[in-house]
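Visitor: Got a structure here, written out as C-alpha cells. Questions coming.
Quick note: the coordinates plus some simple rules give every number you see, no bench work behind them. All values derive from a computational prediction rather than experimental measurement. Note that we place each Cβ from the backbone using ideal geometry, even for glycine, and neighbour counts take in every protein chain shown.
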Amino acid sequence: MASLKHLNSDCSIDEILSLLESDAGLIIDNLMASEEIDKLNSELSPYLETDSYGRDDFTGFKTKRIGALIARSDSCRKLALNEKINRVSKEYLDPYGDGYQLHFTSAVCIGPGESKQILHRDRGIWGGYLPRKVEPLMSTIWAVTDFTKENGATQIVPGSHKWDKDRLPSEDEIAYAEMTAGSVLLYTGTVLHGGGENTTSSEARTGVFLHYALNWLRQEENQYLSCPPEIAKDLSPEIRSLIGYSKGGYVLGFYSDPNDKSAVYESVSPENMFKAEVDDNFSLLPNPEELVSKSNK
Ligand SMILES: O=C(O)CCC(=O)C(=O)O
Ligand SMILES: [Fe+2]
C-alpha cells in the first residue's frame, strides 16, 4: 500500500524539497496552531453554510467549494504567507521562472456520501500546452478538519509526476493524505491526485487549498476580481504582492491608471495603485543581453 511521508513542523526546506522531487507529495504535521484552526473555521463557516454543492462529477455532488479566501479570511492570509511554504514555493519553482504567485484559493468541504474524484494532474488547467519539463505548481491543502480515509482524505499517487502521462495507478499505488487538523499536504502540479470518497454518515472533510504557480502563467482564480483593489488596499503589501499586485519580471503585469492625465501613473508596477507617491516608474531594462537571449529561446 502506497503512503505519504510525514515531516515535523520544524523540518528543513531541503527535506521538503527532496520529498517533492522523489514523491511529489508529503505532509507536514501540525504546522497550524489549534487556536488558529478555530478562528479559520469561524471565518469560513458563514460562506460554507450557504454555499451549494457542485454540479458535476469533478466538483462533486456532495462537495462545497468557496473561493476569494484572501479577501474573506484573515487566517487564510496568514496561511498564504506562511514562511516555510513560501520558501519551498520559491525554491521549488525557481528553475522554471523568475518568481511565483498565489494562484488559487478554495475551501473544499467533502460531505458524507461523496464518491471519489477522478485522478488528475492540476497542470491540466492550462490545457496541456505546458511541456512536461516545466513544473508550474507547488500546492497546499491545509486540513481544517482531520483527514481520514473514511471522510475523504485526498488520494495521491506518490512518484506519478515521473510517469508516462497515460499510466494509471493500481489501487495499492494510491496513498491517502490522512492527517490531523492543522497539518498541511504539499503536492505538485504534475502528481496524480483527487478528492477521496467520503463513506461516513455525518462527517464532513474540509481543507483550505492555497496553490502557488509560476508568475508567468494565468492564475486559475482571478485574484484581481476575487480580491479587487477596494479590498486589497486594506491588506498588507506582502499579501497584495503575492496575489499579483506586483510585477513578474521586467514588464510583466505593469499597469497605467486610465484616469491619470499627469503621466505619473503611466506604465508602473501595481504596488503604486495603493501609494500616494510613485516609487517605481517603469523599471530600467535590467540586462538587455539577457532579455534578448531569453527572447530567442
Ligand atoms: O478535495 C480534494 O481532496 C482534492 C480536490 C482536487 O484535487 C481538485 O478539485 O482539483
Ligand atoms: Fe486537483
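Visitor: Given the chain, what whole percent of its Cα pairs are spread farther than 30 Å?
Guide: Percent of Cα pairs beyond 30 Å in the chain: 34.
Visitor: Projecting each Cα onto the charge dipole of the chain (Lys/Arg +1, Asp/Glu -1 at the beta carbon, about the Cα centre), which of GLY124, SER3, GLY249 comes out farthest on the positive side?
Guide: Ranked along the dipole, the leading option is GLY124.
Visitor: Additional query: Round to a whole angstrom and tell me the spacing of the C-alpha centers of the stretch 77-93 and the stretch 210-275.
Guide: When both Cα centres are located, 19 Å separates them.
Visitor: What net charge is computed for the residues neighbouring GLY113, neighbours being all others with C-beta under 11 Å from the C-beta of GLY113, Lys and Arg scored +1, Asp and Glu -1?
Guide: So the surrounding residues net to -2.
Visitor: Only loop residues by DSSP count here, and only those with at most 12 other Cβ atoms within 10 Å; note down the trypsin sites (Lys or Arg not before Pro) in the stretch 207-274 that meet that.
Guide: The qualifying sites are ARG218, LYS233, LYS261.
Visitor: Can I ask one more? What range in the chain is the longest one free of chymotrypsin sites (Phe, Trp or Tyr not before Pro) that are in a loop by DSSP and have at most 12 other Cβ atoms within 10 angstrom?
Guide: Of all site-free stretches, the longest is 130-297.
Visitor: Just flag the trypsin sites (Lys or Arg not before Pro) in the stretch 61-141 sitting in loop per DSSP whose Cβ has no more than 13 other Cβ atoms within 10 Å.
Guide: Here the trypsin sites (Lys or Arg not before Pro) that fit, given the DSSP loop and packing criteria, are ARG132, LYS133.
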